[in-house]
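Participant: One structure, as structure tokens, below. Some questions next.
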Amino acid sequence: MPIVLATENLDKRFGGIVAANDVSLQVEHGARHALIGPNGAGKTTLINLLTGVLKPTAGRIRLDGRDITELKPHERVRLGIARTFQINQLFADLTPLETLGVAISERQGSGRDWWRLAGSKKGVVEESIELIERFHLADVMSERTAILPYGKQRLLEIALAFACRPRVLLLDEPAAGVPEAERHEILATVAALPKDVTVLLIEHDMDLVFSFADRISVLVNGALLTEGAPEAIARDPNVRAVYLGEAIDA
Amino acid sequence: MSATPLNTPDVARLVMSRARWRFSEIVFWIAALATIFLVPSRHLILTEIAILGLFALSLDLILGYAGIISLGQAAFFGFGAYCAGLLATHQLVTEPVLALALAGAATAALGFVTSFLVLRGSDLTRIMVTLGIALILRELANRFDGLTGGADGLQGVTIEPLFGLFRFDMFGHTAYAYSLAVLFVLFLLARRIVNSPFGLSLRAVKGNPLRASAVGISVNGRMVAIYTIAAGYAGVAGALLTQTAQFASLDMFSFERSADVLLMLIIGGTGYLYGGIIGALIFKLMQDWLASMTPQYWQFWIGLVLVAIVIIGRERLEQLRGAIRKRILRLRPQKHAA
């Protein structure tokens, strides 16, 4: 399988703190790749580096072999990297329908149209409906996002990233904070993502990681500790040592 | 609607419902039109209100729709005012409407250039930068008195009849109809803009710039665009004042003017386009009324109203309005259940 997303010797320092230390990560096309590690291991920093929210101190990032290290976040989105956030980052005053419409219009290149009404483009509306249904948001699609139940906001969070039609989707703890009852809806949605979308998942929930991922990278203190198939990672004594006290058996 | 499958036309209508003309809006504009015929004796103050309403609308475009705070919007108002004045005094463009459009375009260009200064930073830096730009422009106008007339203001502005037909009379009848027409046309344009995909993306940028860029929106690009448009609006407002008053002066750049327009917008409310116009109306009528009662202290009362609005909070006022609306709706027979 070809490599879609790769980092080469990526470093990120905040003053004296090393948040990413010589990270060379490769994600294959169509992979279900999980990134795990204890709190403060630098998982979210790595996502921020990949999406352009943070600039690396050293190292390169490549998408399909193309160097994207210098590109701005919105330019990377247009090339096919989308992400969700660990803490919801939504448009509180917009409805889910409008929220998805913004992303879809942007991707279709009509986000700057000022002379016609939002909602007048059939293509955008049809795709919004598709996403609304796929992510089970039909019952709340015209509510202000700010007042949606947390689980629905979480779904919208993923739907919004998905609306960018990413080739690589970075999910930062998609089920974080979701109550047990709503959890399975999120997990099912994540599992049902199309196979040609490459997914890099950051997660604390080991059940989710081991049921979902076909490849796992372990990040400790900003550096890659090891990488491998789930079974190998589960058996790895170093990983067990890092997670001492945490149940890793699936 | 959860059980039935969604169909495209219905959902499209739902998305576009925000842009639908409300009954209250139609009433608002009919009332505005009626003032031309019903209260000819008040046309002078109404002209001023229409111009200030347009000026406040320009601020609403950036503050209400993109979250950019400015305490120097008078920079553009004054620039447009002097553009129109100079076009007239030097007889460069004598057709008022064309001169107005040119003044607006020139001011938009100034807005574009200065927009890059307000992209970065917090609200506080934006307040400082916009304030600074207005001060700089005012001093430039003061310094180059050969061109601008300096502290004496720009004298000898004569405006040719509108379309070569309607003379600007001393009672302000032509001026008011003209100002109201300009306000209405630019309002329609603004309404179109804020309800477009571009306008929707602005609200996304205002709501969450981090996420906006994470769905592919160039946050800076959108801010530059709306800042430029808003500057053009403010420039047209200033140009209108010069044309209708046949005079331009340094106070058009003044800090008070920037502060007043922010007050008007806050009084009327941001983010629904009417706030600026309603705020200008309230502000100006209150000023007029209070000044006739207590000429020295009218600002005291304006200040009091402002503090009251902030303390009570717009949300509570909205709730009150919502409650009243519900009462009224309950009195009317329900036509259809949604």
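Participant: Once you place label points 7 Å from the Cα toward the Cβ at B:ASP123 and B:VAL27, how far apart are they in nm?
Facilitator: 3.3
Participant: Could I ask something else about it? Using Cα atoms only, what is the angle between the long axis of helix B:255-268 and the major principal axis of chain B, expressed in degrees (0 to 90) to the nearest 10?
Facilitator: That helix lies at roughly 30 degrees to the long axis.
Participant: Right, something else. Choose one answer from A:ALA41, A:ALA138, A:ALA20: the residue with the largest mean-square fluctuation in a GNM of chain A with alpha-carbon springs under 10 Å.
Facilitator: A:ALA138
Participant: Using only the alpha-carbon atoms, how far is helix B:74-89 inclined from the longest principal axis of chain B? Give it as 0 to 90 degrees, nearest 10.
Facilitator: 50
Participant: Note down the relative contact order for chain A as a percent, whole number, built from C-alpha pairs under 8 angstrom at least six residues apart. Walk me through the numbers on the way to the answer.
Facilitator: On the way: 441 pairs, mean separation 68.3, N = 250.
Worked out over chain A, it gives 27 percent.
Participant: Find the Cα radius of gyration of chain A, compare it with 2.2 N^0.38 Å by division, and give the number to two decimals.
Facilitator: So the Cα radius of gyration is 1.03 times the expected 2.2 N^0.38 Å.
Participant: Right, another one. How many angstrom separate the Cα center of region B:69-105 from the Cα center of region B:234-277?
Facilitator: If you average the Cα positions of each part, the centres end up 13 Å apart.
Participant: I'm a student and want to see the number: the projected area of the Cα convex hull of region B:161-263, averaged over all directions, in nm².
Facilitator: 8.6
Participant: May I ask you to order B:177-185, B:44-52, B:148-156 by the average number of other C-beta atoms within 10 Å around their residues, highest value first?
Facilitator: Final packing ranking: B:44-52, B:177-185, B:148-156.
Participant: With a 10 Å radius around each residue's Cβ, average the other Cβ atoms per peptide and rank B:76-87, A:173-184, highest first.
Facilitator: Ranking, from highest mean packing down: B:76-87, A:173-184.
Participant: Let me have the relative contact order for region A:90-165, percent, based on Cα pairs under 8 Å that are six or more residues apart.
Facilitator: On the way: 69 pairs, mean separation 37.8, N = 76.
It comes to 50 percent, rounded to a whole number.
Participant: Here's something else I'd like to know. Just add up the charged neighbours of B:VAL11: K/R +1, D/E -1, any other residue whose Cβ is under 14 Å from the Cβ of B:VAL11.
Facilitator: Result for the neighbourhood of B:VAL11: -3.
Participant: In peptide A:85-96, how many Cβ atoms from other protein chains are near each Cβ within 10 Å, on average?
Facilitator: Values: counts 4, 0, 0, 2, 8, 4, 11, 2, 6, 5, 3, 0.
Counting other chains' Cβ atoms within 10 Å and averaging over A:85-96 gives 4.
Participant: What do you get for GluC sites (Glu not before Pro) in region A:31-103 restricted to DSSP loop and a cutoff of at most 14 other Cβ within 10 Å of the site's Cβ?
Facilitator: A:GLU70
Participant: Another question, then. Going out from 0 in 10 Å bins, what whole percent of all Cα-Cα distances in region B:22-276 drops into each bin?
Facilitator: Histogram of Cα-Cα distances, whole percents per bin: 8, 32, 35, 20, 5, 0.
Participant: Could I ask something else about it? Taking the highest mean first, how do the peptides A:48-58, B:281-291, B:206-216 order by number of other beta carbon atoms within 10 angstrom per residue?
Facilitator: B:206-216, A:48-58, B:281-291
Participant: Nearest 10 degrees, 0 to 90: what angle lies between the long axis of helix B:298-312 and the longest principal axis of chain B (Cα atoms)?
Facilitator: Approximately 20 degrees, to the nearest 10.
Participant: Among the listed pairs A:LYS43/A:LYS72; A:LYS121/A:LYS152; A:LYS12/A:LYS195; A:LYS43/A:LYS152, which are separated by more than 28 Å between their Cα atoms?
Facilitator: From A:LYS43/A:LYS72; A:LYS121/A:LYS152; A:LYS12/A:LYS195; A:LYS43/A:LYS152, over 28 Å: A:LYS12/A:LYS195.
Participant: What area, in nm² and to one decimal, does the C-alpha convex hull of the protein assembly as shown cast on average over all directions?
Facilitator: The directionally averaged projection comes out at 32.6 nm².
Participant: Can I ask one more? Averaged over A:108-116, how many beta carbons belonging to a partner chain fall within 10 Å of each residue's beta carbon? Before the final figure, lay out the partial values.
Facilitator: Details: counts 1, 1, 3, 12, 9, 6, 14, 6, 5.
Across the residues of A:108-116, the mean count of other-chain Cβ atoms within 10 Å is 6.
Participant: Then there's this: Return, for the Cα atoms of region A:90-165, the radius of gyration and Dmax in Å, separated by a comma.
Facilitator: For region A:90-165, the Cα-based Rg and Dmax read 11.6, 36 Å.
Participant: Accessible area per residue for the protein assembly as shown in Å², computed with a 1.4 Å probe and the full protein assembly in place, what is it?
Facilitator: On a per-residue basis, 46 Å².
Participant: Another question, then. Per residue of A:70-81, count partner chain C-beta atoms within 10 Å of its C-beta, then hand back the mean as an integer. Don't skip to the end; give the middle numbers.
Facilitator: Numbers: counts 0, 0, 4, 9, 10, 3, 3, 5, 2, 1, 0, 1.
Partner Cβ neighbours, averaged per residue: 3.
The values are calculated or read from the model by the stated rules, or taken from the named source; none is laboratory data. From a predicted model like this one, the values you see are computed outputs, not experimental measurements. In this analysis, Cβ positions are derived from the backbone assuming ideal geometry, glycine residues included, and neighbour counts consider all displayed protein chains. In case anyone asks, the SASA skips ligands and DNA or RNA and just uses the protein heavy atoms, side chains included. Shrake-Rupley method; radii C 1.70, N 1.55, O 1.52, S 1.80 Å.
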